[in-house]
Amino acid sequence: MRVPALLLVLLTAACAGPPAPVQNFASSSEVSPTGGIKLSGGGEFGPTDTSAIVYDSKLVPKGAQASATVESSGSATRTSLVVEGMLPHHRYGAHLHTKPCGAKPDDSGPHYQHRRGEVSPSSEVWLDVTTDGEGAGRSTARNDWALDPRELPGSLVLHSEATKTSGPGVGTAGVRVACLTLKKGS
């Protein structure tokens with residue numbers, strides 16, 4: 001008796017056993033088989049854990065937390081931020097930075113830029129977020145360019161103020177108050 005080729009393939013695949021379990025990471029990133037990149041990070045902000053570190057506990061109170069995801073493929077990058085437990089009715093600047101978070105606010109390096117030297121929402125990821133009465137908020141940015149897999153952003157930094165530009169190549173968002181380290185993940 002002849003077994004159709006498709007049935008033989010299905011039977012062979014079934015013998016391979018169940019798929020490996022999926023691992024979840026608080027901070028993760030990966031390069032997908034289609035060439036896309038996914039970065040993520042999050043957690044409860046604390047004074048020492050650089051995966052989610054707080055630099056100003058007046059603007060980022062105890063128990064505050066955040067999560068960020070960056071998905072990039074083809075010619076687009078979409079970045080999302082969710083915060084909880086922050087100051088109510090406050091607007092925070094939020095941007096991708098070049099290096100992971102560290103013990104000092106400047107450890108995360110400058111803003112990640114698609115076109116070096118260009119300070120604008122078309123070259124950087126600006127995710128300013130305004131919190132509600134409970135201190136929760138969310139923000140999403142879409143950029144018409146893909147991340148360079150050789151130079152990925154290392155963190156998402158929350159700043160004390162909303163982002164403002166004061167001329168070509170000059171932007172401000174106040175001091176760095178908290179940071180999420182981004183890593184490759186699923």
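The values are calculated or read from the model by the stated rules, or taken from the named source; none is laboratory data. Quantities reported herein were computed from a predicted structural model and do not represent experimental measurements. Positions of Cβ are generated from backbone atoms using ideal geometry, with glycine treated the same way; all protein chains shown enter the neighbour counts. With ligands, DNA and RNA removed, areas are computed over all heavy atoms of the protein, side chains included. Shrake-Rupley method; radii C 1.70, N 1.55, O 1.52, S 1.80 Å.
Details
- Pairs are defined by a Cβ separation below 6 Å, a sequence spacing of at least 6 or placement on different chains, a first member in the range 54-79 that is in contact (Cβ under 8 Å) with a residue 60 or more places away in the chain and within 19 Å of residue 102 (Cα to Cα), and a second member that is charged (D, E, K, R) and crowded, with 18+ Cβ neighbours inside 10 Å; the pairs so defined are 55/176.
- Of all residues in the range 70-105, those satisfying the criterion of being in a strand (DSSP E or B) and either at pLDDT below 95 or open to solvent by 50 Å² or more (accessible area, probe 1.4 Å) (or both) are 71, 73, 78, 84, 91.
- Figure legend. Inter-residue proximity from the range 117-145: first residues over 12 Å from residue 79 (Cβ atoms), second residues of a type in the set (Asp, Glu), beta-carbon distance below 8 Å, spacing 6+ or different chains. Indicated pairs: 118/124; 122/144; 134/84; 135/84; 136/84.
- Search result, residues across the range 80-123 that are touching a Ser or Thr at 6+ places or on another chain (Cβ under 6 Å) and polar (S, T, N, Q): 80, 108, 113
- Residues within the range 116-141 that are exposed (fewer than 11 other Cβ atoms within 10 Å of the Cβ) and either basic (Lys, Arg) or in a strand (DSSP E or B) (or both), tallied: 1
- In the range 58-99, residue farthest from residue 141 (Cα to Cα) [restricted to those that are in contact with a Gly (Cβ under 8 Å, 6 or more places away or on another chain) and polar (S, T, N, Q)]: 65
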